[in-house]
1. Points 7 angstrom from Cα along the Cβ direction at residue 152 and residue 61: gap in nanometres?
2. Among (1) 117; (2) 129; (3) 139, find the value of volume of the Cα convex hull per residue in Å³ that was calculated from the structure presented, and write down its label.
3. Using amide H atoms built in the peptide plane, which far-off residues or other-chain residues are under 5 Å from residue 38 H to H?
4. Just the number, please: carbon plus sulfur as a percent of the accessible area of the chain, 1.4 Å probe, no ligands or DNA/RNA counted.
5. May I ask what percent, to the nearest 5, of DSSP beta bridges between residues of the chain are antiparallel?
6. Using only Cα atoms and rounding to the nearest 10 degrees, what angle (0 to 90) does helix 12-27 make with the longest principal axis of the chain?
7. With angles folded into 0 to 90 degrees, how steeply does helix 133-142 sit against the dominant principal axis of the chain? Use alpha carbons for both and round to 10.
8. Normalised by the residues of the chain, what does the relative contact order come to in percent, with Cα pairs under 8 Å and at least six apart?
Amino acid sequence: MLIDIFHDPVCPWCRIAKKHLFDALAQWQEQEVYIRWHPFILDNTVPADGYEFRSFMQNRKGIKAEELQYLFDSTRRAGEAAGVKLDFNKIRLAVNTKLSHRLITLAPTKVKNDVVEAIYKAYFEDGLNIGDIDVLVAIGKAYQMDSRELGLQLSDDAAGKVFVAESIFARPNDINSVPFFIINNKVKINGSHSVEMFLQAFNRAALLDIRAKIW
């Protein structure tokens with residue numbers, strides 16, 4: 001089974017959906033699963049140094065400080081229900097995620113899912129700037145990636161533009177928000193649905209494959 005995941009590491013609902021997906025996969029024993037991660041940069045106008053987080057979020061959503069806090073609290077509770085931590089009090093910067101997507105692509109297949117989780121954790125639990133090369137190199141090093149080579153690869157501006165282009169490509173192709181999942185190139189899921197919803201989608205995708213083979 002092939003699962004394409006469109007996401008952005010600064011999206012809390014992407015982390016929640018990722019947990020639901022992997023909890024569902026832990027119950028799915030029917031087929032071998034291959035996951036492809038795709039970038040969806042929510043705001044590529046954010047500079048490398050980032051913006052102050054809360055003021056940026058207020059301006060982006062057009063809401064007052066107390067409304068933003070209510071939004072954070074409700075999202076945090078949703079994360080807790082799913083089994084993930086979202087500590088908005090730790091986050092100091094709204095960051096550009098281009099380089100974090102680049103790290104995911106560079107990560108070896110066998111540790112790629114773990115690197116994705118490490119990036120989410122760095123931002124939502126540790127409040128780190130995941131747009132900073134040193135932070136990303138440290139994450140990669142923890143998964144036996146060569147620090148010097150990784151630093152050079154992340155500094156390559158030309159390579160970085162590829163991720164911006166892919167993120168832009170997703171939008172006119174019916175992917176306008178994240179998280180977004182495509183299973184076996186057939187079944188689409190938009191949003192952070194439950195474990196049960198993912199299991200239903202797996203079964204539907206498997207059934208569609210069986211029907212295609214019969215006909």
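The values are calculated or read from the model by the stated rules, or taken from the named source; none is laboratory data. Fair warning: this is a prediction, and the values are worked out from it, not measured in the lab. Heads up, the Cβs are rebuilt from the backbone with ideal geometry, glycines too, and the neighbour counts pull from every protein chain shown. Ligands, DNA and RNA are excluded from the accessible area calculation, which covers all protein heavy atoms including side chains. Shrake-Rupley method; radii C 1.70, N 1.55, O 1.52, S 1.80 Å.
1. A separation of 4.3 nm, rounded to one decimal place.
2. Identified label for the calculated read-out: (2).
3. So residue 38 has HN proximity to 5, 6, 7.
4. Working: 5930 of 11410 Å².
Result for the chain: 52 percent of the exposed heavy-atom area is carbon or sulfur.
5. Numbers: 10 of 16 bridges.
Of those bridges, close to 60 percent are antiparallel.
6. Helix 12-27 and the main axis of the chain meet at about 30 degrees.
7. 50 degrees
8. Values: 302 pairs, mean separation 67.3, N = 215.
Relative contact order comes out at 31 percent.
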